[in-house]
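Right, one structure below, let's go through it.
Readers should treat all values here as calculations from the given coordinates under stated rules, not as data from a laboratory. Quick caveat, the model's predicted, so the values are computed rather than measured. In this analysis, Cβ positions are derived from the backbone assuming ideal geometry, glycine residues included, and neighbour counts consider all displayed protein chains.
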Amino acid sequence: QWTTSSIVDDQVARIRAEIGDGHALCALSGGVDSAVAGALVQRAIGDRLTCVFVDHGLLRAGERAQVERDFVAATGVNLVTVDARDQFLDALAGVSDPEEKRKIIGREFIRVFESAARDLKDKGDAEFLVQGTLYPDVVESGGGAGTSNIKSHHNVGGLPEDLQFSLVEPLRLLFKDEVRRVGLELGLPETIVQRQPFPGPGLGIRIIGEVTGGRLDTLRAADAIAREELSAAGLDHDIWQCPVVLLADVRSVGVQGDGRTYGHPVVLRPVSSEDAMTADWTRLPYDVLERISTRITNEVAEVNRVVLDVTSKPPGTIEWE
Ligand code: XMP
């Protein structure tokens, strides 16, 4: 009978045996899996682990603080944050094709991570690389019918030959709900452990059109309001995730006070799902939709219309890009 604390003890012992007195590196994405993997390895080898967090500027409101403040407070881990916001914005300038955006974000991520990893390796501070691979990932990469051929997904792969690490994958035998329980057992905050899925390319693929700093600010503000209202209504456990999408190349006429506006729409995309392979649109209560819509159009100057996506998957994917 596996209890959560016996999983933790067992994994800590395995990690110690694997890493010995070596050093390890873990890329944190802000998501559940890398956070729990990092926290487990920290429990096992303490300050011989360094976590690297790349701020690509495509994060949601509060996410960097969640890693820099809450994750560090809970684990005491050594954290290096790389501020690469300008680099990503420069690389994305003028690009609006979804696949191209994904490729650019993936490529820049590898570049930034590679240089941080090289520094640590040169100092002798990393021979092992921690990855938050879960059991379903292991099974799926055996050649299942995933969505990965529909959209190019991004994770830490593709490091150059001369920068090879031994992989440590402490979540390889676990399912998502077990990972969450292990995270709680390790003292990670709910905000990290119960976090809904968020794509690696972040808000970059939720702006339909070119990604700019101003558009990111607009989307971040609208997204924060939607998340706040959904949480306040107690709906976090009923929905799988609710992307907020900015239609940056679309404008529509509106009226506010005495004035005509010519602003952008945002789309709410609430979905219910078991595994993201298929999804249904979530029937959110009208009063919650109303609060989200009123607040976004009042508080986010560039947005004058809120629309609801009522498409299931298939035929729609969850994300718009
Ligand atoms: P789609 O849009 O393909 O999304 O229906 C399915 C699930 O995957 C998430 N998603 C990603 N996750 N890297 C990730 O780690 C990515 O590049 C990526 N793209 C989509 C999406 O949020 C949904 O949960």
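The table below gives the values:
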| item | result |
| --- | --- |
| Eligible lysines near LYS313 by straight Cα distance, threshold 25 Å, same-chain separation 8 or greater | LYS101, LYS103, LYS151, LYS176 |
| Nitroxide proxy distance, nm - points 7 Å out along Cα→Cβ at VAL253 and ASP275 | 5.0 |
| Relative pair counts by distance (%), Cα atoms of segment 4-193, 5 Å bins | 1, 7, 16, 19, 21, 17, 12, 5, 1, 0, 0 |
| The chain: angle of helix 98-122 to the longest principal axis, Cα-based, in degrees nearest 10 | 30 |
| Placed amide H near LEU308: partners under 5 Å, 5+ positions off or other chain | LEU268 |
| Kirkwood-type radius of segment 223-321, with distances r between different C-alpha atoms, in Å | 14.1 |
| Computed [θ] at 222 nm, deg cm²/dmol, the chain (DSSP H ≥ 4; -39,500 (n - 2.57); rounded to nearest 500) | -11500 deg cm²/dmol |
| Approximate spin-label separation THR317-TRP2, in nm, with each point projected 7 Å along Cα-to-Cβ | 3.1 |
| Residues with amide H under 5 Å from that of ALA279, placed H, sequence gap 5 or more | LYS313 |
| Rounded to 10°, Cα long-axis angle of helix 32-45 versus longest principal axis of the chain | 20 |
| For segment 298-307, 3J(HN,Hα) per residue [Karplus equation, 6.51 cos²θ - 1.76 cosθ + 1.60, θ = phi - 60°, Hz, x = Gly/Pro] | 7, 9, 10, 4, 7, 10, 10, 7, 10, 10 |
| Average Cα contact separation per residue, segment 206-308, under 8 Å, 6 or more apart, as relative contact order % | 29 |
| Value of Rg/Rh across the chain [Cα atoms, Kirkwood radius] | 0.98 |
| Degrees separating the helix 4-19 axis from the principal Cα axis of the chain, which is the longest one | 60 |
| Distance between modelled label sites at LEU167 and ASP238, nm, 7 Å Cα→Cβ extension | 3.9 |
| Normalised contact order of the chain, rounded percent, pairs of Cα under 8 Å and 6 or more residues apart | 18 |
| Residue-wise HN-Hα coupling along segment 61-73, computed from phi with Karplus coefficients 6.51, -1.76, 1.60 (Hz; x: Gly, Pro) | 4, x, 6, 5, 5, 4, 7, 5, 9, 6, 5, 5, 4 |
| 19 Å cut-off, amide nitrogen to a point 7 angstrom out along LEU308 Cα→Cβ, residues in segment 270-289 | 270-273, 279-289 |
| Kirkwood hydrodynamic radius (C-alpha pairs) into Stokes-Einstein, segment 136-258, 4 °C and 1.567 mPa s, D in µm²/s | 71 |
